[in-house]
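**Student:** Dropping the structure in here first, questions after.
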Amino acid sequence: MNTPIGLDPASMSERIQAEVQRAIQRSIKGVEYIASAAPSLGSTPKDVLHTRGTMNLYHYRPIADEIYRVPVLIVMATTNRGYILDMVPGQSFIEFLLKRGYDVYMLDWTPPKPEEKCLRLEDYVLDFIPDCIRRVQQDSGESDVTLIGYCFGGVLALLYGSIFPDGPMKNLICFTTPIDFHEMKLFRNFSDRRYFDVDRLVDSIGNVPPEMILSSFEMLRPASRTVSQVQLWENIWNDEYVRSYRMFDRWATDTLPLAGEYFRAITKDLMWDNKLFNGTMSVGGRPADISKIRVPILHAVAEHDHIVPYDAAKHLIAKVGSADKEEVMLKGGHVSLVAGANAIKRLWPKLDSWLGGRSI
Amino acid sequence: MADKGNDPVAIWQAMIGEMEKGFNSFANQAMASPEFSKVVNQVGGATVSAQKQFGELMEKYLVSMNLPSRAQMVGMAERLQSIEGQLDEIKAMLGQMQRASGGADSGSAGAPRPPRTRRPPSSGKEQK
């Protein structure tokens, strides 16, 4: 016999029992959650090759018996920490690359100090990236280097590649990289030049604080943080869910400040004038036209990316001058494209199949 | 077990999901307006001014307490960083010298590095 809403009483009883058990588990695990430390992330063995201010160059220790000739340098977004690509064993993009035989380096960032507020876009594109590439060449003994850029790291890699089209960059891989900043509609509205005085902000406080960066990301989906906390409470009996939640939450809230002058240039040149898209971008007085890029390029975009919408990223492949170019759209969002269960199934194998033949 | 259509927990979760989507969509529409940008930036501007004045006040307070100045601390940090940088250079040079003298190809950790002879699986060798 079914109840008026169509439920079988026996199954209802089982369901209620399960929910009572979960309620008890929630209380126990809830206390554990509050008392325990955040998970340890980014633990794949690595050596620090060089640090200079905000810039850090890591080399991950190879684990394959034989590696590809061309080393890989990952350029991380300047707003976030690189350990999103190295969460925990079994869920680490870095570990995946190492197991597949790549020699992996990463250009990662620490918070710029107050006195680094004068770092400009050209310091990142014309100094930090070339310096790291030189050190990768020196350390690996190889002249060619593949660059992988995540989000704004992809923009930096594109700018570098368009200023130095003759090498040593051999391949370029971009993850969710915007080039049409006028299509990042909410960010554009937040920084509307009629109301947003970027000069006053930078001149007053120097580096842009991480809270401001984090708020602007969270404002894109204002209900999601509260809902994710409700979902955490519902699933707190589930160790796997809690582990994953804590990893991603720790990373998402570990936002970096941005150097003041760098932020000023991004706001004016990219957000306001959309120069990268228009082909009028220059860095340190040097034209940075992405049509000059001729190396093989792969651009991976996410179907449900709310930070870099597809409209902001879709023209990249059409605008680069490479003959060997490919865009791949995968299910997922801005973060789940590169990390987590979806990435393991989708992006990482795709990247390996694309890059292997181009790394010999 | 009850099917998903009748499961109160599943119904609750679906409802939360729909509420989230609805609220995000509504908020995104509101935030896309020029009025929103104007208000947010006015409030933000006032906060920045207050933050700047507070910072200046703190600086004066620290000086009056005879604590090391910010410039002195930065100077020390820069010297340490420069020493670290020189150590990195020395390590890299030692690695190069070791390689040049015919020793094992060693990485920055001193461990031997694997040969750079890997081929993708399709070109004849099996993926490891």
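The values are calculated or read from the model by the stated rules, or taken from the named source; none is laboratory data. Source: prediction; values computed, not measured. Note: ideal-geometry Cβ built from the backbone for every residue, glycine included; neighbour counts use all protein chains shown.
Per-residue answers, yes or no, for (1) over 16 Å from residue A:269 (Cβ atoms); (2) aromatic (Phe, Trp, Tyr); (3) within 14 Å of another protein chain (Cβ to nearest Cβ):
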position	(1), (2), (3)
A:136	yes, no, yes
A:139	yes, no, yes
A:148	yes, no, no
A:176	yes, no, no
A:205	yes, no, yes
A:217	yes, yes, yes
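**Student:** Identify, from the list A:252, A:259, the residue that is touching a Cys at 6+ places or on another chain (Cβ under 8 Å) and either crowded, with 17+ Cβ neighbours inside 10 Å or modelled with pLDDT under 90 (or both).
**Tutor:** Only one candidate passes the filter, namely A:259.
**Student:** Now, a different point. Restricting attention to the stretch A:189-203, which residues are assigned to a loop (DSSP other than H, G, I, E, B), within 7 Å of chain B (Cβ to nearest Cβ) and surrounded by 17 or more Cβ atoms within 10 Å (Cβ to Cβ)?
**Tutor:** Residues satisfying the conditions are A:195, A:196.
**Student:** Among the numbered criteria (1) within 14 Å of another protein chain (Cβ to nearest Cβ); (2) β-branched (Val, Ile, Thr); (3) not in a helix (DSSP H, G or I), which single criterion is violated by residue A:255?
**Tutor:** So residue A:255 meets the others, but not (1).
**Student:** Which of the following residues is within 13 Å of chain B (Cβ to nearest Cβ) and not in a strand (DSSP E or B): A:83, A:105, A:124, A:68?
**Tutor:** Exactly one residue qualifies, and that residue is A:68.
**Student:** Follow-up question, since we're still on this one. Just a yes or no: is a residue in the stretch A:282-298 under 22 Å from residue A:94 (Cβ atoms), aliphatic (A, V, I, L, M) and under 20 Å from the mean Cα position of the chain (by Cα)?
**Tutor:** Yes, the stretch A:282-298 contains a residue that is under 22 Å from residue A:94 (Cβ atoms), aliphatic (A, V, I, L, M) and under 20 Å from the mean Cα position of the chain (by Cα).
**Student:** Could you check the stretch A:219-241 and list, in sequence order, the residues that are within 10 Å of chain B (Cβ to nearest Cβ), of a type in the set (A, V, I, L, M) and more than 27 Å from residue A:111 (Cα to Cα)?
**Tutor:** Passing the criteria: A:223, A:227, A:230.
**Student:** Quick one: which residue in A:218, A:142, A:211 is surrounded by fewer than 18 Cβ atoms within 10 Å (Cβ to Cβ) and under 17 Å from the mean Cα position of the chain (by Cα)?
**Tutor:** Exactly one of A:218, A:142, A:211 is surrounded by fewer than 18 Cβ atoms within 10 Å (Cβ to Cβ) and under 17 Å from the mean Cα position of the chain (by Cα), namely A:218.
**Student:** Tally the residues that are crowded, with 19+ Cβ neighbours inside 10 Å, in a helix (DSSP H, G or I) and away from chain B (no Cβ under 14 Å), restricting the search to the stretch A:330-360.
**Tutor:** The total comes to 2.
**Student:** While we're on this one: Residues of the stretch A:301-326 being farther than 16 Å from residue A:149 by Cβ and not in a loop (DSSP other than H, G, I, E, B), which ones?
**Tutor:** A:310, A:311, A:318 - these are the residues of the stretch A:301-326 that are farther than 16 Å from residue A:149 by Cβ and not in a loop (DSSP other than H, G, I, E, B).
**Student:** Please work out if residue A:272 is of a type in the set (Phe, Trp, Tyr), within 27 Å of residue A:98 (Cα to Cα) and touching a residue at least 60 places away in the same chain (Cβ under 8 Å).
**Tutor:** In short, no.
**Student:** Looking at residue A:46, is it surrounded by 18 or more Cβ atoms within 10 Å (Cβ to Cβ), in contact with a His (Cβ under 8 Å, 6 or more places away or on another chain) and either within 28 Å of residue A:283 (Cβ to Cβ) or within 14 Å of another protein chain (Cβ to nearest Cβ) (or both)?
**Tutor:** yes
**Student:** Of all the residues that make up the stretch A:315-357, how many are closer than 28 Å to residue A:288 by Cβ and among the small types (Gly, Ala, Ser)?
**Tutor:** Count: 4.
**Student:** Any idea which of A:263, A:248 is touching a Gly at 6+ places or on another chain (Cβ under 9 Å) and not in a loop (DSSP other than H, G, I, E, B)?
**Tutor:** A:248
**Student:** Now a separate question. Against the conditions (1) surrounded by 18 or more Cβ atoms within 10 Å (Cβ to Cβ); (2) over 30 Å from residue A:137 (Cβ atoms); (3) at pLDDT 85 or above, where does residue A:186 fall short? Just the number, please.
**Tutor:** Against the list (1) surrounded by 18 or more Cβ atoms within 10 Å (Cβ to Cβ); (2) over 30 Å from residue A:137 (Cβ atoms); (3) at pLDDT 85 or above, residue A:186 comes up short only on (3).
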